[in-house]
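Asks: One structure is given below, represented as structure tokens, and several questions about it will come after.
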Amino acid sequence: MIPTGFTYHRASSLKEALDLLNTHDDAKLLAGGHSLIPALKLRLNQPAHLIDISRLDDLKGIKEEGGTLVIGAGVTHGEIAHSDLVKEKVAMLAEAADLIGDVQVRNVGTIGGSLAHADPAADWPALMLAAEAEITVLGPNGSRSISAEDFFTGFYETALGEDEVLTSIRIPIPPAGTSTSYQKFMQPASRFAIVGCAAMITRTNGTCDRVRVAFTGVADKAYRAKGIEDALTGKAYDTGNIEAAVSSAAEGVDVMSDHFASEEYRSHLARVYARKALSAAS
Ligand SMILES: Cc1cc2nc3c(=O)[nH]c(=O)nc-3n(C[C@H](O)[C@H](O)[C@H](O)COP(=O)(O)OP(=O)(O)OC[C@H]3O[C@@H](n4cnc5c(N)ncnc54)[C@H](O)[C@@H]3O)c2cc1C
């Protein structure tokens, strides 16, 4: 299929993008186009205006700022995968970025586009939840920050307003003694997550002081597995405690069932991938 007709605008500044978004009723932002263009081709989305933000310098760059890693919304998955700063400060982000799609997808698709799209099988949402990221958005009334916990509201749904642009992601740099990992069981063709698990553990003398675990692919939106976090916090980091903790991986959520994995199999994979992520964050 080919998309329905639309008017293409290339924004030359963030302000122009915002103005265009607010001038045209039926407009969509275009970043890497790796989720939007397929949706246009299938006519799942038929906007009258496309506003290209892919060349905006304001949305680029990865930097450290006052104990926070700041990633521009327009940064590609590939740039994150290759960033020495990301590898040093929050390694699971680079690890996960390298598992997204193929080289073409990673070279063009952006973290901001992925978060705004909120595909339930996308990798970034789980990482944002585990890392307790703050998502910065800009709208006609200025800028606001939304915690990752509040950002993902449902199946392809977020707290982002239709008149807002996601501008950056702020990730607190974890304290010394923190290890992270992202592990996923992927759909072999697209590499989207059938189950993806992000884990972040801060330890003192072998005891888990702080544990963050989040999943994607399991339910209609990414979620924090607070049962696992609570079960492991204050306990020794060992295989017995990890094994006991992961039993609650899919508790309290409606586990999806589709032609890739039944509810029962996905629940099993959630436990397996939680164990893998927690063990790899050593
Ligand atoms: C073959 C293939 C394999 C893939 N495999 C994976 C995978 O393994 N894991 C994974 O997580 N993803 C995967 N993806 C999705 C890919 O990561 C996309 O790049 C990503 O989901 C969307 O980013 P984008 O920059 O391409 O956004 P676009 O497609 O341009 O936009 C997506 C949506 O976000 C909105 N948007 C974009 N930027 C902003 C912004 N700054 N502010 C507000 N709204 C915005 C757009 O209006 C649109 O609604 C795959 C895609 C393909 C085609």
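Where a number appears in this text, it was derived from the coordinates with a stated rule and is not lab data. The structure presented is a predicted model; accordingly, all values stated were derived computationally and were not measured. Neighbour counts run over all protein chains shown; Cβ positions are idealised from the backbone, glycine included.
Asks: Hey, if you drop one equal point scatterer on each alpha-carbon of the stretch 57-172 and run the Debye formula without solvent, what base-10 log of I(q)/I(0) do you get at q = 0.11, 0.13, 0.18, 0.19 Å⁻¹?
Replies: Normalising to I(0) and taking log10 leaves -0.31, -0.43, -0.86, -0.97.
Asks: State the antiparallel share, in %, of DSSP beta bridges confined to the chain, rounding to the nearest 5.
Replies: 85
Asks: Any idea what diffusion coefficient the chain gets from Stokes-Einstein, in µm²/s, Kirkwood Rh on alpha carbon pairs, 20 °C, 1.002 mPa s? Write down the numbers at each step before the final one.
Replies: Working: Rh = 19.2 Å.
Approximately 112 µm²/s, per Stokes-Einstein.
Asks: Which whole-number percent is the relative contact order of the chain (Cα, under 8 Å, 6+ apart)? The partial results should precede the final answer.
Replies: Working: 637 pairs, mean separation 41.6, N = 282.
Over the chain, the number comes to 15 percent.
Asks: Ordered by residue, what ³J(HN,Hα) values in Hz, to whole numbers, does the stretch 167-174 give under the Karplus form 6.51 cos²θ - 1.76 cosθ + 1.60, where θ = phi - 60° and Gly and Pro are x?
Replies: For the stretch 167-174, the Karplus-derived couplings read 9, 7, 10, 10, 10, x, 6, x Hz, x marking Gly and Pro.
Asks: Show me the ranking of peptides 157-168, 210-221 by mean Cβ neighbours inside 10 Å, starting with the highest. Walk me through the numbers on the way to the answer.
Replies: On the way: 157-168: 19.0, 210-221: 24.8.
Going by the mean number of other Cβ atoms within 10 Å, highest first, we get 210-221, 157-168.
Asks: I need to check one value: relative contact order of the stretch 7-52, counting alpha carbon pairs closer than 8 Å and at least 6 residues apart, in percent.
Replies: Values: 47 pairs, mean separation 26.5, N = 46.
Relative contact order comes out at 58 percent.
Asks: With contacts defined as alpha carbon pairs under 8 Å and 6 or more residues apart, what's the relative contact order of the stretch 90-225 in percent? Walk me through the intermediate numbers first.
Replies: Numbers: 283 pairs, mean separation 38.6, N = 136.
Computed over the stretch 90-225, the figure is 28 percent.
Asks: If we sort 143-152, 26-35 on the protection proxy, mean other Cβ atoms within 10 Å, highest first, what's the order?
Replies: Details: 143-152: 17.1, 26-35: 20.2.
So the peptides 143-152, 26-35, ranked by packing, come out 26-35, 143-152.
Asks: Can you list the lysines whose alpha carbon is less than 27 Å from that of LYS15, not counting same-chain residues fewer than 8 positions off?
Replies: Within the straight-line cut-off, LYS15 pairs with LYS28, LYS60, LYS63.
Asks: What does the C-alpha gyration tensor say about the overall shape of the stretch 7-52? Classify as rounded when a/c is under 1.5, otherwise prolate if a/b is larger than b/c, or oblate.
Replies: On the way: a/c = 2.86, a/b = 1.62, b/c = 1.76.
Note, shape of the stretch 7-52 comes out oblate.
Asks: Is the shape of the stretch 169-208 best called rounded, prolate or oblate, per the rule: a/c under 1.5 gives rounded, else a/b larger than b/c gives prolate, else oblate, with a ≥ b ≥ c the square roots of the Cα gyration tensor eigenvalues?
Replies: Details: a/c = 4.96, a/b = 2.06, b/c = 2.41.
It comes out oblate by the Cα gyration axes.
Asks: Measuring from centroid to centroid over Cα atoms, what is the spacing of the stretch 69-95 and the stretch 218-271 in Å?
Replies: Centre-to-centre (Cα) distance: 26 Å.
Asks: Using alpha carbons only, how many degrees (0 to 90, rounded to 10) separate the axis of helix 263-280 from the longest principal axis of the chain?
Replies: With both axes taken from Cα atoms, the answer is about 70 degrees.
Asks: If we sort 192-200, 54-62 on the protection proxy, mean other Cβ atoms within 10 Å, highest first, what's the order? Intermediate values should be presented prior to the final figure.
Replies: Numbers: 192-200: 28.1, 54-62: 16.8.
Highest to lowest by the protection proxy: 192-200, 54-62.
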